[in-house]
1. Can you tell me which condition residue 146 does not meet? The list is (1) buried (at least 20 other Cβ atoms within 10 Å of the Cβ); (2) in contact with a helix residue (DSSP H, G or I) (Cβ under 6 Å, 6 or more places away or on another chain); (3) over 18 Å from residue 57 (Cα atoms), and all the others hold.
2. Which residue pairs have Cβ atoms under 9 Å apart, sit 6 or more places apart or on different chains, and have a first residue in region 145-166 that is at positive phi and a second that is within 14 Å of the ligand (Cβ to nearest atom) and assigned to a loop (DSSP other than H, G, I, E, B)?
3. Got a number for residues in region 57-89 being part of a loop (DSSP other than H, G, I, E, B) and buried (at least 22 other Cβ atoms within 10 Å of the Cβ)?
4. For region 163-182, which positions are within 14 Å of the ligand (Cβ to nearest atom) and not in a helix (DSSP H, G or I)?
5. Look at region 120-138 and say how many of its residues are in contact with a strand residue (DSSP E or B) (Cβ under 7 Å, 6 or more places away or on another chain) and either over 16 Å from residue 47 (Cβ atoms) or surrounded by fewer than 22 Cβ atoms within 10 Å (Cβ to Cβ) (or both).
6. Any idea which of 117, 107 is in contact with a helix residue (DSSP H, G or I) (Cβ under 8 Å, 6 or more places away or on another chain), surrounded by fewer than 23 Cβ atoms within 10 Å (Cβ to Cβ) and under 24 Å from residue 273 (Cα atoms)?
7. Inside region 207-270, counting only helices (runs of 4 or more DSSP H) that do not spill past its ends, which hold 3 or more residues that are within 27 Å of residue 149 (Cβ to Cβ) and in contact (Cβ under 8 Å) with a residue 40 or more places away in the chain?
8. With (1) assigned to a helix (DSSP H, G or I); (2) within 16 Å of the ligand (Cβ to nearest atom); (3) surrounded by 16 or more Cβ atoms within 10 Å (Cβ to Cβ) as the list, and residue 185 as the residue in question, which single condition is left unmet?
Ligand SMILES: CCCC/C=C/CC(=O)SCCNC(=O)CCNC(=O)[C@H](O)C(C)(C)COP(=O)(O)OP(=O)(O)OC[C@H]1O[C@@H](n2cnc3c(N)ncnc32)[C@H](O)[C@@H]1OP(=O)(O)O
């Protein structure tokens with residue numbers, strides 16, 4: 001029953017493109033803001049975000065990420081490692097320009113694709129890991145927590161600092177955080193708008209390991225993916241989805257409601273003023 005509903009919901013959100021021949025894993029259908037490299041020996045795919053300067057989640061980058069996740073799953077890769085081709089920033093989170101004085105129809109499209117991206121990562125059928133080779137604030141952190149394992153390089157920050165600029169996260173984003181961290185830590189960190197240093201993130205369990213270099217981080221993620229070798233892939237996928245069912249159901253139950261609530265909140269003077277100050281702060285930093 002539960003398995004059927006999981007499979008059913010997956011069909012709803014993921015029109016799988018598996019009929020295509022994808023061995024080459026070309027990015028022909030997308031804007032080229034992601035690259036996929038499959039290791040011939042291990043069969044593990046590395047998915048890199050490649051949108052200078054800081055991998056902000058624009059509509060196009062989110063579209064490409066979803067497309068790439070589908071391709072990697074369809075091609076029966078053994079696992080997926082999410083990383084960045086920028087050596088300072090994993091992802092700066094949502095593109096703030098899309099949220100400032102937004103065009104209403106575009107904002108709806110933007111939020112919907114953000115929901116889609118979270119679902120695609122959260123329900124990805126193969127093992128996933130994030131090699132966090134740079135800063136990962138806000139939605140950068142949420143993407144990492146949607147993966148099953150996190151390896152981070154030293155001297156960067158990760159966390160959801162939304163309250164610092166009057167942002168209110170959706171419940172499914174909070175649940176993503178809470179799937180990795182104890183509830184009391186999530187509550188405090190979200191309220192403080194805390195960005196954890198790599199060391200702090202390791203101490204609280206937001207990340208699983210620290211790596212000395214990107215190469216090491218990728219190897220550590222690959223070693224994690226290798227730990228599932230003895231599991232039957234279908235049983236593993238269904239078990240993963242069962243473990244994640246309640247978090248995902250929270251969003252699937254009322255996607256339209258979440259969209260309405262977020263769009264309404266983004267349009268409030270409280271949010272727009274906080275965002276304006278935050279954007280100014282980013283400019284003044286220079
Ligand atoms: C219902 C409410 C929604 C709640 C959900 C929130 C989820 C989110 O993801 S909101 C996004 C929050 N993200 C941030 O606040 C990150 C802001 N960026 C940074 O802190 C830093 O850029 C960095 C630590 C990631 C990197 O620092 P670095 O010194 O390497 O680069 P910068 O010089 O700061 O940035 C370069 C360039 O990029 C612009 N930029 C940075 N982040 C964003 C962003 N998220 N959206 C749009 N643009 C961004 C920055 O202004 C610079 O632009 P210019 O070169 O034109 O000045």
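1. Going through the list (1) buried (at least 20 other Cβ atoms within 10 Å of the Cβ); (2) in contact with a helix residue (DSSP H, G or I) (Cβ under 6 Å, 6 or more places away or on another chain); (3) over 18 Å from residue 57 (Cα atoms), residue 146 breaks only (3).
2. Going by the 9 Å Cβ cut-off, the qualifying pairs are 159/138; 159/193; 159/194; 159/195; 166/268.
3. Going residue by residue through region 57-89, those that are part of a loop (DSSP other than H, G, I, E, B) are 58, 75-78, 85-88.
Okay, now just the ones that are also buried (at least 22 other Cβ atoms within 10 Å of the Cβ), so 77.
Counting residues in region 57-89 that are part of a loop (DSSP other than H, G, I, E, B) and buried (at least 22 other Cβ atoms within 10 Å of the Cβ) gives 1.
4. Of everything in region 163-182, those that are within 14 Å of the ligand (Cβ to nearest atom) and not in a helix (DSSP H, G or I) turn out to be 166, 167, 168, 169, 170.
5. Final tally of qualifying residues: 3.
6. Working: 117 fails: under 24 Å from residue 273 (Cα atoms).
Exactly one residue qualifies, and that residue is 107.
7. Numbers: elements: 214-226, 233-252, 255-266.
Because the criterion is at least 3 residues that are within 27 Å of residue 149 (Cβ to Cβ) and in contact (Cβ under 8 Å) with a residue 40 or more places away in the chain, the helices (runs of 4 or more DSSP H) in region 207-270 that meet it are 214-226, 233-252.
8. (2)
The values are calculated or read from the model by the stated rules, or taken from the named source; none is laboratory data. As the structure is a computational prediction, the values presented were derived from the model and not from experiment. Heads up, the Cβs are rebuilt from the backbone with ideal geometry, glycines too, and the neighbour counts pull from every protein chain shown.
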